[in-house]
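Here's the structure, in structure tokens; my notes come after.
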Amino acid sequence: MTLRLGRHRFDDDATLVMAIVNRTPDSFYDRGATWAEDRAFDRVAQVVDEGAEIVDIGGVKAAPGVEVDSVEERRRVVSFVERVRAAYPHLVISVDTWRADVGAAVCEAGADVLNDAWGGADPGLVDVAAKHDVAIVCTHTGGVTPRTRPHRIAYDDVMADVLRATLGYADRALVAGVARESVVIDPAHDFGKNTFHSLEVTRRLGEMVATGFPVLVSLSNKDFVGETLGVPLEDRLTGTLAATAVSAMAGARIYRVHEVVPTRQTLDMVASIAGRRPPARAIRGIA
């Protein structure tokens with residue numbers, strides 16, 4: 001199915017890299033490296049140069065922390081979206097928010113995607129996406145409240161719950177008027193899940209792909225990678241790329257990441273192994 005993200009269309013075999021741009025002072029990974037607007041804008045320029053098709057701009061870190069109300073969230077992201085849209089008219093701009101009022105403001109500023117990491121906590125977000133004809137990412141969080149961590153969460157079948165929640169969210173988006181080619185589903189690794197759950201949804205990701213909806217995965221430097229390998233935050237790239245390769249073989253379409261170049265190389269290598277992409281150069285044993 002052709003994927004449409006706002007004003008942008010992509011073929012059904014395209015894999016897309018979504019680069020993370022945090023407008024926060026307290027992100028778990030970059031620890032405020034792009035909190036200053038000019039630093040965030042430099043980050044956009046960098047990831048565009050590295051080949052990212054999408055930037056995902058977030059104004060509130062996912063983990064617990066200092067309260068950020070919708071007024072402050074809008075202050076952090078709306079004018080920045082305007083600036084990025086003016087500078088990069090052909091770039092897909094996604095905004096990581098669960099709030100409908102923030103979603104409306106960023107859509108008016110030029111956003112193409114509303115990336116709701118909190119599973120429809122604000123039911124009005126689908127109406128905003130429909131009104132502005134933008135894409136929406138429908139995630140699974142196991143009912144966890146925004147900005148809280150899972151505690152002793154359990155599922156009889158985690159993938160069954162992921163499918164129930166994400167497809168239910170997708171149906172609500174369709175009923176609201178979001179175009180089917182603009183609805184994306186995401187298992188949301190770590191969100192409402194322990195490490196065993198995240199490993200299982202990775203292993204069974206093909207079940208999500210089989211629904212026909214494009215699948216987004218946000219694997220980059222997540223806790224499930226660190227816990228699985230027993231490594232600190234700064235040593236999670238190898239594990240992230242291994243999970244990326246497994247997800248790519250399963251057919252995921254969008255990859256939300258911190259490191260663009262290694263991710264793109266991983267995706268291209270998997271696509272070539274799968275026979276979906278020719279090698280960039282192939283003279284060994286020929287020339």
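Every number in this text was worked out from the coordinates using simple rules, so none of it is lab data. Not measured: the values here are computed from a predicted model. Cβ atoms come from the backbone with ideal geometry, glycine included; neighbour counts cover every protein chain shown.
Details
- Remark on segment 3-273: ratio of C-alpha radius of gyration to 2.2 N^0.38 Å is 0.91.
- Annotation: for a label point projected 7 angstrom from Cα along Cα→Cβ of Ala63, residues of segment 198-233 with backbone N closer than 14 Å are 221-227, 232-233.
- Residues of type lysines that Lys61 reaches as a straight line, Cα spacing below 25 Å, ignoring anything fewer than 8 places off in the same chain: Lys193, Lys222
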